[in-house]
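None of the figures in this text is laboratory data; all of them are computed from the coordinates on show. Just so you know, these numbers come straight off a predicted model, no measurement behind them. So basically every Cβ, Gly included, is an ideal-geometry build from the backbone, and we count neighbours across all protein chains shown.
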Amino acid sequence: MKKLMFLLAMLSLGTLCWAGSGRQDATDRLDNAAKVLNAIMNAPDQGIPQEVLQNAKCVAVVPNMIKGGFIFGGKHGKGVATCRTANGWSAPAFFTVGGGSAGLQIGLEGVDLVMIIQNQKGMEHLLASKFQIGGDASAAAGPVGRHASANTDWKLDTQILTYSRSKGLFAGIDLDGSWIEHDTDSTKALYGKDFGSNDLLTGKVPVPSEAKTFIAEVARVKTEAER
């Protein structure tokens, strides 16, 4: 009996430690996402054009996505997203991004990824539990600079504009074939239950205190773009 009680106590302790670690990982991801946005927008003569940010429906950030591999390339990362609602920016939804590509590649590289969802169709994909970039949702490497060029190709039916930052360099990135999927573990760790992306991104769930820095940074860059 004593052994059983001890075993149960150890299992409970392990569960509590995992929950605490998961919550801290989710919080760190939110803080790092805010830092990525801040660094990108403060870079001289670089960054996401004001015209792109002005019309953004949602903003998604993946800090330190791993890109590359041996023989076969691939991408994997964990991110957070928020969407505009009638009452401001929504509580963040957690997601993972992954995908592979054929071709000889050697080495790994960490890149910061930012995705700007431009229209309602793109937002509807983000509200789903899983979708494929280039398959379900159209995406393109976004224009870079303080202002977008007069060329309006990026404005057409592209649902998602994608950007990457690596070693101080900022540019568009091709994510065709990558899958975006709801991150159940991180959602449970931060919110205490698995809210769906739809509930989170449409404003049905209050913004938790751990996310306020990230939400404030998204609001700041959006406001500055509209001036």
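Computed from the C-beta positions of Asp31 and Ala141, the FRET efficiency with R₀ = 30 Å rounds to 0.65.
Checking the cross-link pairs Lys130/Lys188; Lys130/Lys212; Lys57/Lys204; Lys130/Lys204; Lys121/Lys188 against a 22 Å limit on the alpha carbon distance flags Lys130/Lys212; Lys121/Lys188 as lying beyond it.
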